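Read the structure below first, then the notes.
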Amino acid sequence: MPSPTLDRGPGRASDAEARAWIARTQGRFGPWIGGPVAPDGPIRTLTAPATGTDLAELAEATPPQIADARAAAGSAQADWAALSGPARADRLRAWAEAIDARAACLTQLLALETGRPVRHGRAWLAEGAMALRQAADQALLGAANRPGLVTMGIVAPGLSLGRIGPALAAGNAAMLAPGPGGGTLAALCLAEAAAEAGLPAGLLTVLTGPAKPLLGLARPPLPELCGPCLHLVLEDADLDAAADAIAEALGNPLPGTTGQRLLVQESVAERVHARLAGRMARLIVGDPLDPATDLGPLPEAALRDRLTAALADSTGTPIQPLPRLPDTGLYFAPALISGLAPASPEMELPLPGPILLSITFRSPAEAILLANAGPPAPSVSLWSETLAVALDLATALEAGTVCVNGTDLGPAPDPLELWQRPEGLAPARPMAPAPADRGPDPTAALTAARHTQTGWARRDATGRATVLARTAARMPEEAAAPLAACAARAATACATWSEKRDGATLTRQRPLGVIAALCPAETPALAAATILGPVLATGNAALLLAQPGAETQLRLLVKELEAAGLPAGLVQILSGAPAAVALRLAARVDLDALWCFEGDDLPDDLPVRAASGGPALWLAQAAPGAWSDPGDPSEALLRAASRAQTIRTSWGA
């Protein structure tokens, strides 16, 4: 007698709140600028990826509306920054409560527009509201009122409450432009909740349409980690737990990432692949409004076509278990491609969908080399039952977040100080046309600095600080003071450790890599020492552009640093016209950050070039005398010269 089987019945959650919210405006939306703005620009129809039916119409923000948004944000930001920290904290907490009240509507909007399953949307929203409350607590405790630091102004934090909350708590105004498939309706609903909570009109603006108008806005001078997420499985891992969690993560990718990769130890690769295939076959692929759904539809048809082509043209071994798929909608069955090598064409493709690309490694040391071969990954889930091995690998990975034996891959909320700037360095806007002269080629200097930086970063903070302190003892007092102050801060800096019921989180600072700085003409020796101290103390290499007549002073400073123990070649001196050199550097994908502290004649398209090229751009113009009394920029420069890494681990009980 055949054994009875039970099929799942329909379990779709209601979307009534979201549909009613959309219907209030007859399904037509424009930007949010202190309130809803009547649609006026080109219309784009939003289609629900689960059903293919029309959801709403979005009007792209027009140039006059963008100008109005900037003006409203500037006016609101001035009033907001004048409030005390406790007053800002009260408004942000009220916003968090308004978000909680709209949780059902927001998760339904995300599911309808992006295909994100409601249970993942609920978790994202709960974490965001918690981050908002944490930012409010920091503002209440005075973190936004530290001496020498002021607001950035109007910023572009992206659609993440872990960034929006700290940006607002620090006294800034925020502009969002989620773009196609990015959750525009949810962003408009968040802005409406902010208005109800009493945030000043214009403080949070949502632009419908592409994100290009935000490129010129202020943001922390740190690189955005937007590559693929990694899953690293060692032979001593709990293979069943790893397979379950990694398969589950295919339906809940980190926003902004470009796919998922699996690094698995050779000795257990076949067993891991078999477990993953079995778990993928049991994933529930279907309506994102069903609370049981593991994997919703893709946000657009073009992505489904791209994933289908990648699977068909793969040089590896595709495994697609084919769980039950709905008859309509942009659904794609999860797949695993094994037998790949690091140089396989698939490894270079952005595949932000439920495809897992797998390569093998023989030893933990080889795993580190493979994981760190490209730009730092946004996040890594690391699987090992040996704590010593897990922590050793976690601290060696160049990743934004490392979660040991879990897939809690989101970054920790930003500290408020990240969204502030030194008082003496105001944001600068490049105004000159692009020069015909492209400037000298920095390849040789970049290669030498990169080669030397690896060993320098391996030294501990005290060893690096000692070199700076020795140099300060040999230098004139003017340049010695910032080096000595930075050495003291770097030597006493420590990671933060927080505990909760099911685990602990360690937040530590990692070097960016190679930082190029266009030094100001005023007091070149003092300015160079103020810049170099934080860059070197945090483990980076530096390229310095010498202003005409200042090259000798910079070379003398570098000579003193090398005499005190700095590796030769770690600091490179460049020469040439600032605008031409900046263009060359902004186009380099192998440069990690570009700081321009002399911005009178920089090309006006420099932010666009840097955004497409990769370096984290910092444009700042110093006021006269600022480098002599810059409001103590050491902490801000130290923060800009490093990026936070989050390491999470569970207690295992």
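Values in this text are rule-based calculations from the coordinates and carry no lab data. All of these numbers come straight from a predicted model, not from anything done at the bench. Quick reminder, even Gly has a Cβ in these numbers, built from the backbone with ideal geometry, and neighbours come from all protein chains shown.
Observations, loosely collected:
- Taking Cα atoms only, the orientation of helix 477-492 departs from the longest principal axis of the chain by about 30 degrees.
- Taking a sphere under 15 Å around the Cβ of VAL380 and counting the other residues whose Cβ falls inside, with K and R at +1 and D and E at -1, yields a net charge of +2.
- Note on ALA302 and ALA488: their simple-model spin labels are 5.5 nm apart, each label 7 Å out from Cα toward Cβ.
- Label point 7 Å beyond Cα of THR25 along Cβ direction - residues of the range 183-223 with amide nitrogen under 12 Å: 184-193, 206-209
- Taking a ≥ b ≥ c as the square roots of the eigenvalues of the alpha carbon gyration tensor, the range 53-93 is oblate, as a/c is not under 1.5 and a/b does not beat b/c.
- Here the alpha carbons of the range 306-439 define both size measures, Rg and Dmax, at 21.0, 61 Å.
- D by Stokes-Einstein for the range 137-218, Kirkwood Rh over Cα pairs, 20 °C, 1.002 mPa s: 160 µm²/s.
- The range 229-413: Cα Rg divided by the 2.2 N^0.38 Å rule of thumb: 0.97
- Counting neighbouring beta carbons within 10 Å and listing from fewest to most, the residues LEU606, LEU416 come out as LEU606, LEU416.
- Rounded, prolate or oblate (a/c below 1.5 giving rounded, otherwise prolate when a/b exceeds b/c) for the range 219-321 by Cα gyration tensor: rounded
- Computed over the range 229-413: relative contact order in percent, which uses C-alpha pairs under 8 Å that are six or more apart: 27
- Point-to-point label distance, GLU348-GLU385, nm (Cα→Cβ direction, 7 Å offset): 4.0
- In nm, spacing of pseudo-spin labels at ALA16 and ALA563 (7 Å Cα→C-beta vector): 8.0
- Highest mean packing first, where packing is the average number of other Cβ atoms within 10 Å per residue, the peptides 452-461, 120-129, 516-525 line up as 516-525, 120-129, 452-461.
- Percent antiparallel among DSSP beta bridges (both partners in the chain, rounded to 5): 35
- Fraction of beta bridges assigned by DSSP in the range 229-413 that are antiparallel (%, nearest 5): 10
- Residues SER338, SER650, SER14, sorted so that the one with the fewest Cβ neighbours within 10 Å comes first: SER14, SER650, SER338
- Over the chain, the hull volume per residue, using the convex hull of the C-alpha atoms, is 164 Å³.
- Here the calculated FRET efficiency for ASP392 and LEU556, from their Cβ-Cβ distance with R0 = 45 Å, stands at 0.65, rounded to the nearest 0.05.
- For the chain, relative contact order (Cα pairs under 8 Å, six or more residues apart, normalised by length) works out to 14 percent.
- Mean Cβ count within 10 Å, highest first, over the residues of peptides 34-45, 63-74: 63-74, 34-45
- Fewest-first ranking of TRP32, TRP497, using other Cβ atoms within 10 Å as the exposure measure: TRP497, TRP32
- Using a Förster distance of 25 Å, the FRET efficiency for TRP497-ALA123 (Cβ separation, nearest 0.05): 0.55
- Cα pair distances in the range 16-214, grouped into 10 Å bins until the bin that holds the longest one, percent each: 10, 38, 36, 15, 2, 0
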